[in-house]
Amino acid sequence: MSSKKRQPSLAQLRAFDAVAEHLHFRDAAAAIGMSQPALSGAVSALEEALGVTLLERTTRKVLLSPAGARLAVRTKAVLAEVGALVEEAEAVRAPFTGALRLGVIPTVAPYLLPTVLRLVHERYPDLDLQVHEEQTASLLEGLTTGRLDLLLLAVPLGVPGVTELPLFDEDFVLVTPLDHRLGGREGLERSVLRELKLLLLDEGHCLRDQALDICREAGRAGVPATTTAAGLSTLVQLVAGGLGVTLLPRTAVRVETSRSSQLLTASFTDPAPTRRIALAMRTGAARSAEYGELAAALREAMADLPVRTVHD
């Protein structure tokens with residue numbers, strides 16, 4: 001007579017996931033608000049239900065068994081899918097409620113988040129907006145794995161399974177020290193970039209890649225990375241100190257150049273180098289209608305910024 005194996009419960013999976021992450025029963029129990037005996041019992045019950053040993057317990061530490069290491073990955077994926085199921089059900093019941101995990105790149109967050117947060121506060125007061133500032137690669141990983149719901153970043157991405165909702169285009173300007181020969185000029189040709197000492201962000205920032213693309217279009221083969229910065233604020237201060245010049249998107253100009261009286265900006269002749277900012281979502285996301293409405297609202301809210309709104 002055959003007997004069916006018991007199915008693991010969500011509580012058991014959450015307990016194992018916490019132990020796999022912390023490798024410590026006390027810390028894992030505290031992380032998920034469960035007593036340590038209950039946590040240990042849940043993991044033991046999961047091992048019995050699955051018929052495998054997940055943990056190697058010693059008097060000093062907890063280790064994942066080979067089977068535990070494999071199943072920890074699947075457990076995290078199952079819990080993520082359950083979380084997504086609950087969130088999608090909440091979205092169906094009441095649009096613009098519940099959590100919305102928004103990922104934003106660092107070269108957008110300081111300049112656009114005030115507009116985004118004001119819009120959400122005024123128009124979608126029941127939406128629990130959670131903001132995560134990360135570089136593009138990390139944001140895309142978060143979107144595809146379900147850790148994030150929506151991204152605000154520079155496009156195109158060219159990533160299968162990701163749909164872009166364009167918001168606006170914005171020009172780049174040249175930021176120079178106060179005594180630079182190009183400071184304050186208008187109608188610059190891109191060719192001036194061939195011989196300037198251009199300062200860049202660190203690798204991983206999409207703005208760095210965009211600046212290098214602009215230089216290549218201007219006929220410059222490469223830019224020696226003798227000095228780099230982790231953020232635009234530092235980059236602009238390096239310019240103010242006379243170490244070189246840099247390219248800045250227009251939405252960042254007012255904030256960043258106001259930090260120093262030793263800076264000037266110069267504009268390019270049309271067509272100026274530009275970047276496009278968009279929302280990005282998983283293709284076919286259950287809340288895609290909401291995200292489309294949010295994109296339309298953001299285009300309207302950003303009308304006062306130095307940008308050109310773009311529609312689908």
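The values are calculated or read from the model by the stated rules, or taken from the named source; none is laboratory data. Please read these numbers as outputs of a predicted model, since none were measured by experiment. Note that each Cβ is placed from the backbone with ideal geometry, even for glycine, and that neighbours are counted across all protein chains shown.
Of all residues in segment 92-111, none are free of Cβ contacts under 8 Å to residues at least 24 places away in the same chain and surrounded by 14 or more Cβ atoms within 10 Å (Cβ to Cβ). Considering only segment 204-222, state which residues are modelled with pLDDT under 90 and either more than 22 Å from Glu170 (Cα to Cα) or part of a loop (DSSP other than H, G, I, E, B) (or both). Listed by number, the residues that qualify are Gly204, Ala218, Gly219, Arg220, Ala221, Gly222. For segment 12-30, a residue qualifies if it is aliphatic (A, V, I, L, M) and within 18 Å of Leu63 (Cβ to Cβ), and the qualifying residues are Ala15, Ala18, Val19, Ala20, Leu23, Ala28, Ala29. Just so you know, in segment 106-145 the residues that are within 13 Å of the chain's Cα centre (by Cα) and charged (D, E, K, R) include one that is nearest to Arg287 (Cα to Cα), and it is Glu141. Annotation note: Cβ proximity below 6 Å between a residue of segment 211-224 that is under 15 Å from Val192 (Cβ atoms) and a residue that is crowded, with 16+ Cβ neighbours inside 10 Å and not aliphatic (A, V, I, L, M) (sequence gap 6+ or interchain) occurs for Ile214/Pro273; Ala218/Arg190; Val223/Cys215. Restricted to segment 223-312, the set of strands (runs of 3 or more DSSP E) holding at least 3 residues that are under 28 Å from Thr145 (Cβ atoms) and outside the structural domain of Gly204 (by TED's automatic domain parsing) comprises 274-282.
Within the option set Arg101, Arg123, being of a type in the set (D, E, K, R) and closer than 22 Å to Thr251 by Cβ holds for one residue only, Arg123. Would you confirm, using the coordinates I've provided, whether Val162 is within 17 Å of the chain's Cα centre (by Cα) and either farther than 30 Å from Glu88 by Cα or surrounded by 15 or more Cβ atoms within 10 Å (Cβ to Cβ) (or both)? Yes.
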